[in-house]
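Contents: one structure, followed by commentary.
The values are calculated or read from the model by the stated rules, or taken from the named source; none is laboratory data. Nothing here was measured: the structure is a model prediction, and the numbers come from that model. FYI the Cβ positions are ideal-geometry reconstructions off the backbone, even for glycines, and counts take in every protein chain you see.
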Amino acid sequence: MTDRLNETLARVTRRIAERSADSRAAYLDRIARAADQGPRRRQLGCGNLAHGFAACGPEDKADLKSAAKPNIAIVTAYNDMLSAHQPYELYPQRLKAAVRGAGGVAQVAGGVPAMCDGVTQGRTGMELSLFSRDVIAMGTAIALSHDMFDGVLCLGICDKIVPGLMMGALSFGHLPVLFVPSGPMTSGLSNPEKARIRQLYAEGKADRQALLEAEAASYHGPGTCTFYGTANSNQMLMEIMGLQLPGSSFVNPGTPLRDALTDAAARRIVELASPAARTPIGHVVDEKAVVNGVIGLLATGGSTNHTLHLVAIAAAAGILLTWEDFDDLSAVVPLLARVYPNGKADVNHFHAAGGMAFLIGELLDAGLLHADVRTVAGEGGLGRYRDEPHLGSDGLAWRAGPARSLDPEVLAPVAAPIAADGGLRILQGNLGRAVIKVSAVKPEHRRVEAPVRIFEDQDDMVAAFKRGELHRDVVVVIRGQGPRANGMPELHKLTPPLGVLQDLGYRIALLTDGRMSGASGKVPAAIHLTPEAVDQGPIARLRDGDPVLLDAEAGRLEVLIDEAEFAARTPVRPDLARNAWGTGRELFAGFRRLVGPADQGAAVFGRDA
């Protein structure tokens, strides 16, 4: 391992620390004052405490009366509609038993909602998806508000759920927190074959039955979906930021190794809650850990959603992360993983090729990660995460991870990367600022200059495609999709038709103030545009036929008309009446009023009413 950090990595980390000095100091002061009070249940009134353990068994009740043993909160996002969360059904009993065996007590402190973006894609329910993150954060805080706990086990995997759990847990930053994954489902129908049938369906060359059979063969059992979208990016982040046990992210559910890792997580949180080894999450998630998370995202071609989530997570710890930090780091961090949609492999192939142990080892050796960080694994910093778990004759143990990739086409070394940079870039110009992920976009498609066709709903765009109106060079604009407009839904429905148009040889791009997907694909997509249309951002002054340039290599996003003429136009305010009611959307009107811009994490916290 080199002792020399990459100069850009060191500079960006210093810049973040300097920018965050006041807010981080205030956060650390808050959690220090909370920690000074010791286990809160010792200060509860007798009636309060009695309520807290009334339903416990005699042994746990006696331990909680005396406050002699640590009490561990389990915050669970279990439901059995999400394939990734279905395994959590039986986790609480298993964790309670393992915690008890390690000398502690565990209680399910609360449950948080967990919606599946795969189910709500293209539906009105997707307009609640991003806001569910902040609801989960608040639900986590409610679960921990009882002042009964010395440590926390968080059960969550998927898109908004892990960021929400993180944000909520960081509001109790004086407590140690450990995330417990359940792992990915086994490989089914290959992701390229699934994408092929989706595109055939979009072209009218496959029927709904063929599409449904393909989807069911792909999403076929318990565990995370196997493509590298937001859910699996979450798991990578929790590991590279030191919040999960080493090597625990991508072990399949229902296996002996998975069960052993779950038990080990329970034992470890009891240790972390002890005075001798106490490791509060507010100290684990520092500026270096946040930068490590960004680097992991870039090195693996992870989800664009984390340009929102990591910013919001960092802010919850008093750390001010910006899109410019992503952009500067992307220029020096090589892309080391090729997992669908950036390649043909799935996350099981990534894990088999060497997984997180190889990835982290390569980045550490290249000076592209901070090694000197606190983690839930204990002494040794991030170097502990070069090891991988296995079951030996004496049970669970860790051994050195592979020194070389078993499949360089899926997981490459730093010396021979898949691409020289991380492929996540910031576009700027007279249309505002946007994010683009180019790791799956071929170089010849990264610069598009074409007239725009404007829509305010993805269904209208799909209908126009079916009528043949988009079979030309075109920049498709979907506006009125930002956080303040309708909650910033993912526009995943656009992927197949845009892919069809590109394959026909047209110059195609997407521009939107909404989100595309954690699985952003082969068509250049300028997403998360800010200012958004509802705030009279420049996108609201675009008109059909305006020539727009999207240049991912140069970082440009511009409308190519006279500056004075463009500035003089009256912005078109999106018609939001159809987004106000139905599927629970009326309950989130306050969120839409309070939410911040995309480049500040699109969070409802920290904003004036």
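Which of the residues spanning region 504-526 are more than 23 Å from the chain's Cα centre (by Cα) and closer than 17 Å to VAL438 by Cα?
ARG507, ILE508, ALA509
Restricting attention to region 407-461, which residues are of a type in the set (S, T, N, Q) and not in a strand (DSSP E or B)?
ASN430, SER439, GLN458
Would you point out which residue out of ALA277, ALA265, ALA289, ALA299 is more than 30 Å from TRP323 (Cβ to Cβ) and within 22 Å of the chain's Cα centre (by Cα)?
Of the residues listed, the single one that is more than 30 Å from TRP323 (Cβ to Cβ) and within 22 Å of the chain's Cα centre (by Cα) is ALA265.
Given the criterion out of contact with any strand residue (DSSP E or B) (no Cβ under 6 Å at 6 or more places or on another chain), β-branched (Val, Ile, Thr) and crowded, with 22+ Cβ neighbours inside 10 Å, identify the matching residue among THR495, THR512.
On inspection, the qualifying residue turns out to be THR495.
Just to verify a result, which residue in region 250-274, among those that are small (Gly, Ala, Ser) and assigned to a helix (DSSP H, G or I), is nearest to ARG11 (Cα to Cα)?
Step by step, filter region 250-274, then rank; the result is ALA265.
If the requirement is being of a type in the set (D, E, K, R) and at pLDDT below 95, which of these qualifies: ARG258, ARG268, ARG278?
The unique qualifying residue is ARG278.
Per-residue answers, yes or no, for (1) closer than 24 Å to THR583 by Cα; (2) modelled with pLDDT under 95; (3) more than 21 Å from the chain's Cα centre (by Cα):
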| residue | (1), (2), (3) |
| --- | --- |
| PRO70 | no, yes, yes |
| ALA84 | yes, yes, no |
| ALA97 | no, no, yes |
| ARG100 | no, no, yes |
| THR124 | yes, yes, yes |
| THR140 | yes, no, no |
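Looking at (1) surrounded by fewer than 14 Cβ atoms within 10 Å (Cβ to Cβ); (2) of a type in the set (Gly, Ala, Ser); (3) farther than 28 Å from THR224 by Cα, can you tell me which one GLY596 breaks?
(1)
Can you tell me which residue among PRO163, PRO176, PRO184 is farther than 17 Å from HIS349 by Cα and in contact with a strand residue (DSSP E or B) (Cβ under 6 Å, 6 or more places away or on another chain)?
PRO176
Identify, by number, the condition in (1) surrounded by fewer than 24 Cβ atoms within 10 Å (Cβ to Cβ); (2) out of contact with any helix residue (DSSP H, G or I) (no Cβ under 9 Å at 6 or more places or on another chain) that LYS194 doesn't meet.
Answer for LYS194: the failing condition is (2).
Of all residues in region 95-110, how many are surrounded by 17 or more Cβ atoms within 10 Å (Cβ to Cβ) and out of contact with any Asp or Glu (no Cβ under 6 Å at 6 or more places or on another chain)?
Number satisfying all stated conditions: 11.
Just one of ALA419, ALA366, ALA415 is crowded, with 20+ Cβ neighbours inside 10 Å and of a type in the set (A, V, I, L, M); which is it?
Answer to the check: ALA366.
Return yes when CYS158 is assigned to a loop (DSSP other than H, G, I, E, B), surrounded by 17 or more Cβ atoms within 10 Å (Cβ to Cβ) and not aromatic (Phe, Trp, Tyr) and no when it is not.
Spelling it out, CYS158 is indeed assigned to a loop (DSSP other than H, G, I, E, B), surrounded by 17 or more Cβ atoms within 10 Å (Cβ to Cβ) and not aromatic (Phe, Trp, Tyr).
Please state which of the following conditions THR2 fails to meet, knowing it meets all the rest: (1) at pLDDT below 95; (2) over 29 Å from VAL333 (Cα atoms).
Status for THR2: all satisfied but (2).
Hey, ALA440 hits all of (1) surrounded by 22 or more Cβ atoms within 10 Å (Cβ to Cβ); (2) of a type in the set (A, V, I, L, M); (3) within 28 Å of PRO597 (Cβ to Cβ); (4) touching a residue at least 40 places away in the same chain (Cβ under 8 Å) but one; which does it fall short on?
So the condition that ALA440 fails would be (1).
Run ARG399 past the list (1) charged (D, E, K, R); (2) assigned to a loop (DSSP other than H, G, I, E, B); (3) out of contact with any helix residue (DSSP H, G or I) (no Cβ under 6 Å at 6 or more places or on another chain); (4) over 19 Å from ALA299 (Cβ atoms) and report the number of the one that doesn't hold.
ARG399 satisfies all of (1) charged (D, E, K, R); (2) assigned to a loop (DSSP other than H, G, I, E, B); (3) out of contact with any helix residue (DSSP H, G or I) (no Cβ under 6 Å at 6 or more places or on another chain); (4) over 19 Å from ALA299 (Cβ atoms) except (2).
Restricting the search to region 410-425, which residues are at pLDDT 95 or above and out of contact with any Pro (no Cβ under 9 Å at 6 or more places or on another chain)?
Listed by number, the residues that qualify are VAL410, LEU411, PRO413, ALA415.
Mind checking which helices (runs of 4 or more DSSP H) fall wholly inside region 1-93 and carry at least 1 residues that are closer than 27 Å to ASN234 by Cβ?
7-19, 21-36
Does any residue in region 247-275 that is of a type in the set (A, V, I, L, M) come within less than 6 Å, Cβ to Cβ, of a residue that is assigned to a helix (DSSP H, G or I) six or more places away or on a different chain, and which pairs are these?
VAL251/LEU257; VAL251/ARG258; ALA266/LEU95; ALA266/ALA98; ALA266/VAL99; VAL270/VAL99
Using the structure shown, decide if SER66 is surrounded by 13 or more Cβ atoms within 10 Å (Cβ to Cβ) and either farther than 28 Å from VAL284 by Cα or touching a helix residue (DSSP H, G or I) at 6+ places or on another chain (Cβ under 9 Å) (or both).
Judged against the criteria, SER66 is not a match.
Answer yes if at least one residue in region 228-242 is in contact (Cβ under 8 Å) with a residue 40 or more places away in the chain, under 26 Å from GLY151 (Cα atoms) and over 14 Å from the mean Cα position of the chain (by Cα), and no otherwise.
Within region 228-242 (the criterion being in contact (Cβ under 8 Å) with a residue 40 or more places away in the chain, under 26 Å from GLY151 (Cα atoms) and over 14 Å from the mean Cα position of the chain (by Cα)), the answer is yes, since at least one residue qualifies.
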